[in-house]
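**Q** Quick one: the structure is below, questions incoming.
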Amino acid sequence: MSILREIVIDTETTGFEPSEGHRIVEIGAVELENHMPTGRTYHQYINPERAMPSEAFAVHGLGDDFLRDKPRFADIAAAFLEFIGTEARLVIHNASFDMKFLNAELDWAGRPQIAMPRALDTVALARRKFPGASASLDSLCRRFGIDNSAREKHGALLDSELLAEVYLELIGGRQPDFGLTVEAGRTAGPAAVEDKDWRPARRPTPLPNRLTEAEAEAHRAFVAAMGDKAIWLKSG
């Protein structure tokens, strides 16, 4: 059975555009295998070799004094590339932003670029799944009941850990198969007997309602605008 390796990544930066001289100041990453956390993480503060703008300090809480003795990106590039490997899918919230910074830093360090197709954008994934709803990390944490109370300021490792939980919810909350997967040519587990009459049972405890009041009100207004023949009015 092949292993699907994914790296959930978040970066913090001094600004919005590497073309304007802004740099990465922090990277956090979490490893998943077959949609399950392995416990392996990567975290690094980075000296951006420029003054930290006040607005960036307000967001990240990282100041010049704290970052002054941290390594430059060129000094940590090899360790970062070793952690992400060459084949793993990179799961990133607003992937185009982080990828442009990562590739700019890699270019300045004389390192190879990361191919954009390796990146899976969880913002796009969330917008496909919940069209019209906010796709911010905080909003998705609230939607899925993920505790983000520790997120007073943006932090790359904490945000990558939260994003890993959000990502697993977005793709359906995959659970480990405990080694009972039936692979081609062999069975796994003590019996591995297929029950053709099996049917999914009703959940013993219903899932909590994840619909926000704002979403419910928007739906009511949408149905009301359709008039008395709306199918939702006939469903009771």
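The values are calculated or read from the model by the stated rules, or taken from the named source; none is laboratory data. This one's a predicted model, so the numbers in the text were calculated from it and none came from an experiment. Every residue, glycine as well, gets a Cβ built from its backbone with ideal geometry; the counts of neighbours run over all protein chains shown.
**Q** Do the conditions hold for Arg128, that is, is it more than 18 Å from Ala78 (Cβ to Cβ) and among the charged types (D, E, K, R)?
**A** Spelling it out, Arg128 is indeed more than 18 Å from Ala78 (Cβ to Cβ) and among the charged types (D, E, K, R).
**Q** Consider the range 33-48. How many of its residues are of a type in the set (A, V, I, L, M, F, W, C) and touching a Leu at 6+ places or on another chain (Cβ under 8 Å)?
**A** 1
**Q** Here's something else I'd like to know. Restricting the first residue to the range 82-103 and requiring it to be free of Cβ contacts under 8 Å to residues at least 40 places away in the same chain, which pairs with a second residue that is buried (at least 17 other Cβ atoms within 10 Å of the Cβ) and among the small types (Gly, Ala, Ser) meet a Cβ separation below 7 Å and a spacing of at least six or different chains?
**A** Cβ pairs passing all conditions: Ala95/Ala119; Met99/Ala119.
**Q** Let me ask something else about it. Working only within the range 125-141, note down all residues that are modelled with pLDDT under 95 and more than 13 Å from the chain's Cα centre (by Cα).
**A** If the condition is that a residue be modelled with pLDDT under 95 and more than 13 Å from the chain's Cα centre (by Cα), then no residue fits.
**Q** Now for a different question. For Ala133, all conditions in the list (1) within 26 Å of Leu4 (Cα to Cα); (2) surrounded by 14 or more Cβ atoms within 10 Å (Cβ to Cβ) hold save one; what is the number of the exception?
**A** For Ala133, the exception is condition (1).
**Q** Now, a different point. Here is a list of conditions, (1) more than 24 Å from Leu120 (Cα to Cα); (2) in contact (Cβ under 8 Å) with a residue 40 or more places away in the chain; (3) in contact with a Ser or Thr (Cβ under 7 Å, 6 or more places away or on another chain); (4) not charged (D, E, K, R), and Gly61 meets all of them except one; can you say which number that is?
**A** With (1) more than 24 Å from Leu120 (Cα to Cα); (2) in contact (Cβ under 8 Å) with a residue 40 or more places away in the chain; (3) in contact with a Ser or Thr (Cβ under 7 Å, 6 or more places away or on another chain); (4) not charged (D, E, K, R) applied to Gly61, the lone miss is (3).
**Q** Run Ile114 past the list (1) assigned to a helix (DSSP H, G or I); (2) touching a strand residue (DSSP E or B) at 6+ places or on another chain (Cβ under 9 Å); (3) in contact (Cβ under 8 Å) with a residue 24 or more places away in the chain and report the number of the one that doesn't hold.
**A** Only one criterion is unmet by Ile114, namely (1).
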